[in-house]
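The values are calculated or read from the model by the stated rules, or taken from the named source; none is laboratory data. Remember, predicted model here, so these are calculated numbers, not experimental data. Cβ sites come from the backbone with ideal geometry, for glycine too, and all protein chains shown count toward neighbours.
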Ligand code: NAD
């Protein structure tokens with residue numbers, strides 16, 4: 001059954017996600033503040049609203065895909081009065097757990113179902129509709145959102161109550177940030193010891209050093225032809241986004257009292273790499289920074 005869906009935030013991720021919903025036959029109306037994003041959406045054939053109010057007025061579901069927590073709180077504050085009573089609100093942005101819970105509370109107060117549903121899979125996954133959604137919210141909200149999310153992704157996991165999706169995303173990406181630095185350090189050490197990249201890869205990828213940062217995003221060119229290292233570290237997953245996520249992990253650790261010494265150190269390393277101009281490169285390019293130290 002065709003639904004009326006508003007999609008707010010038509011950036012690198014939001015536009016391809018919205019287009020997949022439209023391609024599946026839903027009546028999607030997009031909204032974005034930025035002229036560039038609006039022009040790209042128009043060119044791609046996505047109907048646009050001039051104001052947020054127009055986009056969401058009769059929408060049965062509103063999906064937001066925005067940069068950070070303050071943007072989500074800003075937009076959801078407006079949605080609480082602009083969206084139709086009974087609408088389903090889904091935030092797919094990556095934000096801090098506190099902002100996610102605050103957004104859920106605003107939706108509940110306005111009588112709306114809500115879900116935090118951050119994604120992994122990047123722009124390639126957004127285009128191919130192969131994203132993983134990590135969801136937090138009630139069973140009712142999850143059931144209502146699942147058929148819509150299934151048109152944009154292939155794994156949809158209900159992680160728990162409000163904020164649990166963001167918690168899962170933050171914990172996963174902290175593992176990823178730490179493991180990429182670990183893999184990159186091993187290649188730098190191997191270079192110093194005269195061990196070839198391929199030899200280290202052949203051993204570690206079939207031994208206890210095996211991990212996604214090695215076998216999918218290998219930070220040196222050669223062993224994994226599709227990894228960003230083979231295209232001069234063009235992202236992929238930009239180092240600036242990794243730094244953002246490690247910042248969210250650190251905030252969450254500070255707020256909850258969890259000891260995450262490696263997560264903290266990984267953030268410092270990505271901060272230094274970003275300050276040295278690496279923020280726009282793939283996060284695996286951190287190996288170049290480690291070589292220079
Ligand atoms: P982006 O900056 O390309 O897009 C965000 C869009 O939101 C922009 O077009 C911006 O104009 C718009 N926006 C900001 N405030 C708005 C408002 N008040 N009303 C309407 N539109 C507004 O970012 P992105 O790469 O699409 O990422 C979106 C989110 O997804 C982020 O939270 C990011 O951390 C997360 N994420 C990104 C990736 C990735 O690979 N790019 C992967 C996983 C998760």
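Hey, among the residues in region 72-99 that are closer than 16 Å to residue 14 by Cβ and within 15 Å of the chain's Cα centre (by Cα), which one's surrounded by the most Cβ atoms within 10 Å (Cβ to Cβ)? Only one residue tops the list, namely 91.
Which one of 36, 9 is over 22 Å from residue 152 (Cα atoms) and within 11 Å of the ligand (Cβ to nearest atom)?
Working: 9 fails: over 22 Å from residue 152 (Cα atoms).
36 is the lone residue from the list that is over 22 Å from residue 152 (Cα atoms) and within 11 Å of the ligand (Cβ to nearest atom).
Note on region 203-293: enclosed helices (runs of 4 or more DSSP H) holding 3 or more residues that are crowded, with 20+ Cβ neighbours inside 10 Å are 239-256, 261-273, 286-292.
Can you pull out the residues in region 105-124 that are buried (at least 21 other Cβ atoms within 10 Å of the Cβ) and under 30 Å from residue 212 (Cβ atoms)? Please lay out each step first, then the result.
As a first pass, look at region 105-124 and keep what is buried (at least 21 other Cβ atoms within 10 Å of the Cβ): 107, 112-119.
Within region 105-124, 115, 116, 117, 118, 119 meet the criteria.
Scanning region 107-138 for residues that are more than 15 Å from the ligand (Cβ to nearest atom) and farther than 18 Å from residue 150 by Cβ returns 107, 108, 109, 110, 111, 112, 114, 138. Scan region 4-20 for residues that are surrounded by fewer than 22 Cβ atoms within 10 Å (Cβ to Cβ) and closer than 22 Å to residue 86 by Cβ and report the count. Counting residues in region 4-20 that are surrounded by fewer than 22 Cβ atoms within 10 Å (Cβ to Cβ) and closer than 22 Å to residue 86 by Cβ gives 1. Within region 217-246, residues that are farther than 17 Å from residue 183 by Cα and at pLDDT below 95 have Cβ atoms under 7 Å from residues that are away from the ligand (no atom under 13 Å from the Cβ) and part of a helix (DSSP H, G or I) in no pair, counting only partners at least 6 apart in sequence or on another chain.
Only a single criterion out of (1) in a helix (DSSP H, G or I); (2) in contact (Cβ under 8 Å) with a residue 12 or more places away in the chain; (3) within 15 Å of the ligand (Cβ to nearest atom) is not satisfied by residue 95, namely (1).
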